[in-house]
1. Which whole-Hz ³J(HN,Hα) couplings does segment 255-270 yield from phi under the Karplus relation 6.51 cos²θ - 1.76 cosθ + 1.60, θ = phi - 60°, glycine and proline marked x?
2. Could you tell me the relative contact order of segment 199-338? Use alpha-carbon pairs under 8 Å, at least six residues apart, and round to a whole percent.
3. Only Lys, Arg, Asp and Glu count, each charged at its Cβ (+1, +1, -1, -1), so figure out the dipole size of segment 53-145 about its Cα centre, rounded to 20 debye.
4. Counting alpha carbon pairs within less than 8 Å and at least 6 residues apart, what relative contact order, in whole percent, applies to the chain?
5. Multiply the residue separation of S93 and K204 by 0.36 nm, subtract the distance between their alpha-carbon atoms, and state the gained length in nm to one decimal.
6. May I ask you to list the aspartates and glutamates whose Cα is less than 15 Å away from that of K171, ignoring any residue fewer than eight positions away on the same chain?
7. In segment 220-262, with Lys and Arg counted as +1 and Asp and Glu as -1 at Cβ, which of these residues, S234, A247, T221, has the Cα nearest the positive end of the dipole, that is, farthest along it?
8. So which trypsin sites (Lys or Arg not before Pro) in segment 214-262 pass both tests, a DSSP loop state and at most 11 other Cβ atoms within 10 Å of the Cβ?
Amino acid sequence: MFTLGIESSCDDTAVAVLRDDTAVLANVVSSQDSIHERFGGVVPELASRNHLLAIQPLIHSALQQSALHLEDIDLVAVTQGPGLIGSLLVGFSYAKAMSYVAKIPFVGVDHMAGHLFSVFLGEKHPSFPFIALIVSGGTSSIYICNSFTSFTLLGRTRDDAAGEAFDKVAKLLGLGYPGGPLVSQYAARGDANRFLFPRAWLEKDSYDFSFSGLKTAVLQTYKKHYPELQKNESQLIPDICASFQQAVVDVLIQKTITAARNNSITTVVLGGGVSANSELRTKMTEQCAIHGISLFLPDLAYCTDNAAMIALAGYHKYKKINIANDFDTDVFSRSIYN
Ligand code: KG4
């Protein structure tokens, strides 16, 4: 069975072709980073217009890479939400049109389900149940996953998502966009112990997150030490980045491991753009080993937004409920799982 996946929830347009639930035949992404960079964040109107320009050539290229034609495709899986409505509508309308013209079933997929199961696109697969930490530009959530179609939210962010905090800190330090990889690069040569930034643990046993206070603390520290920058103190930005990253990583790891232990679950899975962060990957690996937990990390290509994960989630949804096309369904901006 061949599934064509389409993802257009934010600023990346992505198309993938999956054979059954195992082989990724094509996984192409058209990034809009250079368009939004100068604004320090995604401009929704520009995002949707550029999805329109990118989608047709990407579908063509994914089919060509897979050596398939549209008639060979058995299912179209497309991100239905959450995301920017204008962006979602481009992919969703395209999927409906393809489905109608080529008489192929289509399924709408929750973007979160894509991130939750992106680890299955790699070589080693976890068994159910597992605890999943999904950290991206729009989400910081912990779930218990019992199957491909059954997952329960344990905790979520009450303000900024982890990736959003990385992006905002990068912006206030003048580093550029997207912030996560840039902050991480500076952090690699910084001292994580120089600034003790706050960790928001919230109430006892809460699995929720809060990163907005941390962001404010970074801003205050930056302002206080700004004169050092003018004296060419080249360690200030790396040290702020390393200390900030450490504060985010500490909270993400501790809450995830507590969720696993409290629910007697011995497998943890990561997903979402921030799961590409090398400090998070290294420290989570160390801590899981200490607590006897098996950790599954997605391949780097499947951490940030991609359509292979949407194709996989759509494949499982279709297999489970065998839904028929419903051309009246619409996109949604907020996840029902978040
Ligand atoms: O999953 P994703 O591509 O899009 C959403 O669904 O939001 O995640 C994008 C987010 C951005 O906030 C980006 O700054 C962050 O993931 N990110 C990182 C890293 N790579 C991407 N954050 C920290 N460290 C990284 N290496």
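1. For segment 255-270, the Karplus curve yields 5, 5, 5, 4, 4, 5, 5, 5, 9, 6, 10, 10, 10, 10, 10, 10 Hz.
2. Values: 85 pairs, mean separation 25.5, N = 140.
Relative contact order of segment 199-338: 18 percent.
3. Working: 3 positive and 5 negative charges, 32 e Å.
Its charge dipole is roughly 160 debye.
4. On the way: 736 pairs, mean separation 84.7, N = 338.
Relative contact order for the chain comes out at 25 percent.
5. On the way: separation 111, 0.36 × 111 = 39.96 nm, distance 4.46 nm.
So the extension gain works out to 35.5 nm.
6. Output for K171: D33, E37, D160.
7. Sorting the options by dipole projection puts first A247.
8. Values: sites: K215, K223, K224, K231, K255, R261; in loops: K231.
The qualifying sites are K231.
Coordinate-derived values only; no laboratory data. As the structure is a computational prediction, the values presented were derived from the model and not from experiment. No Cβ is skipped: glycine too gets one built from the backbone with ideal geometry, and neighbour counts run over all protein chains shown.
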